[in-house]
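Contents: one structure, followed by commentary.
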Amino acid sequence: MQELEQDIKTALVAAIQQVFGAEVPATQLTIQPTRKEFAGSFTLVTFPLTKALGKGPEQIGQALGEWLTANDARISGYNVVKGFLNLEVADAEWLRRFAQLVQRPDGAPVPTGGPQNVVVEYSSPNTNKPLHLGHLRNNFLGYSVAEILKATGATVSKVNLVNDRGIHICKSMLGYQQFGHGETPQSDNIKGDHLVGKYYVLFEKHYREQVKQLVAEGVAEDVAKASAPLMLEARDMLQKWEAGDEAVVALWKQMNGWVYEGHNATYAAIGVDFDKFYYESGTYLLGKERVQEGLDRGLFYRKEDGSTWVDLAAEGLDQKILLRSDGTSVYLTQDLGTAELKYGDFHYDSSIYVIADEQNYHMQVLQATLQKLEKPYAAAIHHLSYGMVDLPTGKMKTREGTVVDADELVREVVAAAKAATLEKGKIEGLTEDEQTQLFHTLGLGALKYYLLKVDPKKRMLFNPEESVQLEGHTGPFIQYSHARIAQLRRKAQQMGIAEAADFTTLPALEKTEREMVEELARYGSVVAEAARSFSPAVVSQYAYDLAKAYNRFYAEVPVLQETDETKRAFRVALSAQTARTIKASMNLLGIEVPERM
């Protein structure tokens, strides 16, 4: 579509030269899609041309429209609405464009021009609990953005920074040490990440009780939180870990191993992957070196208690701690080290961090600190900030009333997809294994689509039951549209109808046929826009619009029942290209589309 738009601009430049004898570069022409209530595909805004051409906007539109329809075979008609010239593209041109699309099974060509070497960091779980709903939006966003950027020709590396050390990890270790009684995932028949998460919760429960008791004894709340026995033990354990205490490190390795096994099972179930894993335990020491570098260069400073800080007031931020008074590191410490490691591994043009908007300030501080250190990769950092996800109260099992477990949520949507599909009764002839796979495909597709169709920056409400409906703005609706076309193609094959033919003798296109070709031609520009904005929501909306357009086309014109052989072959080819484009679009979202449903 962008290629056609550029061709129209070139034609307009020529028209202006011929009609008005003026030189107006294409860059100064404002072209936009024609509004649906008017005939046409492209609209030229003529208001900005009045000064250069010495005519009113309507006169300009009328004159250019007349010249183009008389001299350019690609333009079949026009209409002028005040300062807007709406141009109608000829059916022959649409058919020529469609013939080009058919040669590309992955849809229209996608313009390039953005960063060519990109690292996308997403997921970033802690090893003290299982993945939750927030992680799901993070994982789906990261995976989809990576796939969209790949579609523009970029080299993309997907990485996962695992937060495997720190006070929060010591809390789950201490909880297990004091309350675990030797329990293992095998002995309790529980996923390792869920087991470790249980002891993190137990730690917090007993810790809150200790704080409450100290406050009742007259201790100030902030002092009570810092001096509660369990917190003191956790801090002591963190110092022992950083000192390499054998018993502490052995427990850490054992419990982290349980969590990795659990997380990997979840990653496999939700269909995301990574090219490289980084671990905070392997990056924080490099971060400490960067902190020491900043101290040596007078960029950072120490307070009286021995803690190390950076002053970013000149950058419009604040003072930020880099090392605690006991010498242990904080998140920012390891982030300094990870950024350097990633650059050394990939020499990226752009480093995208998929992190919730509650960390906006942290990411500003990270970039400003790297800039203060004059690191060459500081400017390449991009924070893909996304809003939190809420659920209707009581819809899902939660932990402590706030965290929605990812594994449980996946099971819920798969079960809901199964119920919705069985209610429709559309799975005759599928084996039990095929049905199980279909329910998983639909449930996971529903979950991913629902989380990705909303602009990443927006906070959103996730309703599991609404997500799996076969009608409306849902993943299953698009999946069903693909399955419907797949069934049509099977029937066409049985009838001996070819999917590709010579369309040059085709009579005038029906309105819905023209709309379908135009919609298919938009694929490349849609992917390019999604890449520019780092927004899978752009692709999600396109897939939905395409499915809706096809359903309208299917309802208004006969396909297999068409008696004209050329028309029938074209409509089958149009259906096949729609299926390929739906599949390509949904694949960019990490969603599979079934052949039968």
Six or more apart or on different chains, Cβ atoms under 8 Å: show the pairs whose first residue is in segment 24-46 and within 10 Å of Leu87 (Cβ to Cβ) and in contact (Cβ under 8 Å) with a residue 40 or more places away in the chain and whose second is in a loop (DSSP other than H, G, I, E, B) and charged (D, E, K, R).
Thr43/Arg35
Enumerate the pairs (first residue in segment 410-429 and more than 24 Å from Ala268 (Cβ to Cβ); second residue anywhere and of a type in the set (A, V, I, L, M) and assigned to a loop (DSSP other than H, G, I, E, B)) with beta-carbon separation below 7 Å, excluding pairs fewer than 6 apart on the same chain, so at least 6 apart or on different chains.
Ala420/Val468; Ala420/Leu470; Lys424/Leu470; Lys426/Met597
Could you check segment 31-43 and list, in sequence order, the residues that are surrounded by 13 or more Cβ atoms within 10 Å (Cβ to Cβ) and farther than 16 Å from Val89 by Cβ?
none
Filter segment 213-230 for residues that are surrounded by fewer than 14 Cβ atoms within 10 Å (Cβ to Cβ) and not hydrophobic (A, V, I, L, M, F, W, C); which is nearest to the chain's Cα centre (by Cα)?
Asp222
Hey, among Phe534, Phe570, which residue is at positive phi and either of a type outside the set (Val, Ile, Thr) or touching a residue at least 60 places away in the same chain (Cβ under 8 Å) (or both)?
Phe534
Report, by residue number, each residue of segment 533-565 that is under 25 Å from the mean Cα position of the chain (by Cα) and not in a helix (DSSP H, G or I).
Phe534, Ser535
Every listed condition ((1) surrounded by 13 or more Cβ atoms within 10 Å (Cβ to Cβ); (2) part of a loop (DSSP other than H, G, I, E, B); (3) over 39 Å from the mean Cα position of the chain (by Cα)) holds for Glu23 save (1)
Sole exception among (1) more than 29 Å from Ala250 (Cα to Cα); (2) within 26 Å of the chain's Cα centre (by Cα) for Asp296, by number:
(2)
In this structure, does Tyr267 turn out to be farther than 19 Å from Gly180 by Cα and among the hydroxyl-bearing types (Ser, Thr, Tyr)?
yes
Going through segment 158-206 one residue at a time, which ones are of a type in the set (Asp, Glu) and within 30 Å of Ile352 (Cα to Cα)?
Asp164, Asp193
Could you check Asn86 against (1) surrounded by 14 or more Cβ atoms within 10 Å (Cβ to Cβ); (2) not charged (D, E, K, R); (3) not in a strand (DSSP E or B) and say which number it fails?
(3)
Within segment 100-108, is even one residue of a type in the set (S, T, N, Q), outside any helix (DSSP H, G or I) and outside the structural domain of Thr578 (by TED's automatic domain parsing)?
yes
Scan segment 430-444 residue by residue and report those that are of a type in the set (D, E, K, R) and in contact (Cβ under 8 Å) with a residue 12 or more places away in the chain.
Glu434
I'd like to know if segment 413-428 contains one or more residues that are at pLDDT below 95 and closer than 22 Å to Lys129 by Cα.
yes
Scope segment 150-162; condition at pLDDT 95 or above and either closer than 25 Å to Arg459 by Cα or among the aliphatic types (A, V, I, L, M) (or both); matching residues:
Val156, Lys158, Val159, Asn160, Leu161, Val162
Could you tell me whether Thr43 is in a helix (DSSP H, G or I) and either out of contact with any Lys or Arg (no Cβ under 6 Å at 6 or more places or on another chain) or of a type in the set (Lys, Arg) (or both)?
no
Filter pass, Pro57 being touching a Lys or Arg at 6+ places or on another chain (Cβ under 7 Å) and more than 24 Å from Glu515 (Cα to Cα):
yes
I'd like to verify a number: residues in segment 270-286 that are modelled with pLDDT of 95 or more and in a helix (DSSP H, G or I), how many?
2
Looking only at segment 231-259, filter to residues that are touching a residue at least 60 places away in the same chain (Cβ under 8 Å) and charged (D, E, K, R); which one of those is surrounded by the fewest Cβ atoms within 10 Å (Cβ to Cβ)?
Arg235
If we ask which residues in segment 474-498 are in a loop (DSSP other than H, G, I, E, B) and surrounded by 18 or more Cβ atoms within 10 Å (Cβ to Cβ), their number turns out to be 2
State all residues of segment 307-329 that are in contact (Cβ under 8 Å) with a residue 24 or more places away in the chain, under 26 Å from Arg235 (Cα atoms) and of a type outside the set (D, E, K, R); if no residue qualifies, say none.
Val310, Leu322, Leu323, Gly327, Thr328, Ser329
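The values are calculated or read from the model by the stated rules, or taken from the named source; none is laboratory data. Just so you know, these numbers come straight off a predicted model, no measurement behind them. Positions of Cβ are generated from backbone atoms using ideal geometry, with glycine treated the same way; all protein chains shown enter the neighbour counts.
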